[in-house]
Amino acid sequence: MLLRSKRLTGWLGRWQPPPWQALLLRTLLYSGLWWVLTEGKGSLWIGVALALVIALCAPVSVATWPRQLRWWKLPLFIGFMLKSSLKGALEVAKLAISQRYHANTLTHTYCFRLLKQPPQQLLMANLVNLTPGTLTLRIRGDALYIHILHHHPHVEYQLKLLESRIAGLYGLTHGPTEYQP
Amino acid sequence: MRELLGTGLILLGLPFFIASTLGLLRFPDVYARLHALTKADNVGLGLICIGLAVQASSIAVALKIVLIWGLILLASSTGATLIASSALRHGPAPRRDDEDTHAGR
């Protein structure tokens, strides 16, 4: 009990209010989530109060979202990912329903060219699983170990394109992605 | 009109679920099966979620359904990599397959 109260006092001693922009943004975000989760039927005041408490308790060092993220590029990126997901699903469905399972399966190591920060690499590792025919097996250093369900010459280009799209989302400079089958 | 569009989207999502289940049964190893689960299943679920969102009684309900889809996408993608890396460490190595194989049993 004494230890707990000491911890709480220590935490309160270190606590400092987040900058007002972050506080406002977080409160709006959490209130929006409350509204969605309660299907618009929950009390607005309880939602805002809860959102404010959570926003105040969140550590200042944790960013609400990365500062370098280009928000205006997000709709286009989501569209690109939806198109890729649909293509991937059709490819898997075609293989699954074909009379004979014919696949050129192999593993491949993809080295990052543009993404150097772990959160960016983790995002790519997750999105690789939604793109046609590829599955992340492991992230090691600056490389992804990938399982390819049915290898074709476009796979390497497809991965480079995905990386350059993510780099664009983070505002990283990149050259044009060339298609080399 | 909304009912019709919603029903159409749900019906469109079902074949993806069926294909994904077939893939789960027919694909030769855990890695290939994960492809079926992360791709076909997610698109099938997405179409069903959009179909339900179209028929939802309010925007909040529709957004909640879309939020559920987003969270499942995130969980399924992260889960697939975790299962694959665990299988790689403790299970059989991924098979290299460049010839015809009878996988259907």
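The values are calculated or read from the model by the stated rules, or taken from the named source; none is laboratory data. Keep in mind that this is a model prediction, so the values were computed, not measured. Quick reminder, even Gly has a Cβ in these numbers, built from the backbone with ideal geometry, and neighbours come from all protein chains shown. Surface areas here come from the heavy atoms of the whole protein model, side chains and all, with no ligands, DNA or RNA. Shrake-Rupley method; radii C 1.70, N 1.55, O 1.52, S 1.80 Å.
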(request) Could you check B:PRO94 against (1) facing chain A (nearest Cβ under 7 Å); (2) outside any loop (DSSP other than H, G, I, E, B) and say which number it fails? (result) (2)
(message) Please go through the range A:26-43 and give me each residue that is away from chain B (no Cβ under 12 Å) and open to solvent by 90 Å² or more (accessible area, probe 1.4 Å), ordered by number.
(response) A:LEU28
(message) For the range A:66-181, give me every one of the helices (runs of 4 or more DSSP H) that falls completely inside it and has 3 or more residues that are open to solvent by 10 Å² or more (accessible area, probe 1.4 Å), aliphatic (A, V, I, L, M) and outside the structural domain of A:LEU25 (by TED's automatic domain parsing).
(response) A:74-97, A:118-128
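Within the bounds of the range B:89-98, is there any residue that is open to solvent by 50 Å² or more (accessible area, probe 1.4 Å), acidic (Asp, Glu) and more than 13 Å from the chain's Cα centre (by Cα)? First the steps, then the outcome.
Within the range B:89-98, the first condition is being open to solvent by 50 Å² or more (accessible area, probe 1.4 Å), and the residues that meet it are B:89-90, B:92-93, B:95-96, B:98.
With acidic (Asp, Glu) added as a condition, the list becomes B:98.
Still in the running and more than 13 Å from the chain's Cα centre (by Cα): B:98.
Among the residues of the range B:89-98, at least one is open to solvent by 50 Å² or more (accessible area, probe 1.4 Å), acidic (Asp, Glu) and more than 13 Å from the chain's Cα centre (by Cα), which makes the answer yes.
Within the range B:58-86, how many residues turn out to be more than 30 Å from B:GLU3 (Cα to Cα) and either surrounded by fewer than 17 Cβ atoms within 10 Å (Cβ to Cβ) or out of contact with any Phe, Trp or Tyr (no Cβ under 7 Å at 6 or more places or on another chain) (or both)? Please lay out each step first, then the result.
Start the filter on the range B:58-86 by keeping residues that are more than 30 Å from B:GLU3 (Cα to Cα), which leaves B:77-86.
With the extra rule that they be either surrounded by fewer than 17 Cβ atoms within 10 Å (Cβ to Cβ) or out of contact with any Phe, Trp or Tyr (no Cβ under 7 Å at 6 or more places or on another chain) (or both), the set shrinks to B:77-83, B:85-86.
Of the residues in that region, 9 qualify.
Results for (1) more than 16 Å from A:ILE97 (Cβ to Cβ); (2) surrounded by fewer than 24 Cβ atoms within 10 Å (Cβ to Cβ); (3) not β-branched (Val, Ile, Thr), shown as yes or no for each residue.
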position: B:LEU4; (1), (2), (3): yes, yes, yes
position: B:GLY8; (1), (2), (3): yes, yes, yes
position: B:LEU11; (1), (2), (3): yes, yes, yes
position: B:THR21; (1), (2), (3): no, yes, no
position: B:LEU25; (1), (2), (3): no, yes, yes
position: B:ASP29; (1), (2), (3): yes, yes, yes
position: B:ALA36; (1), (2), (3): no, no, yes
position: B:ASP41; (1), (2), (3): no, yes, yes
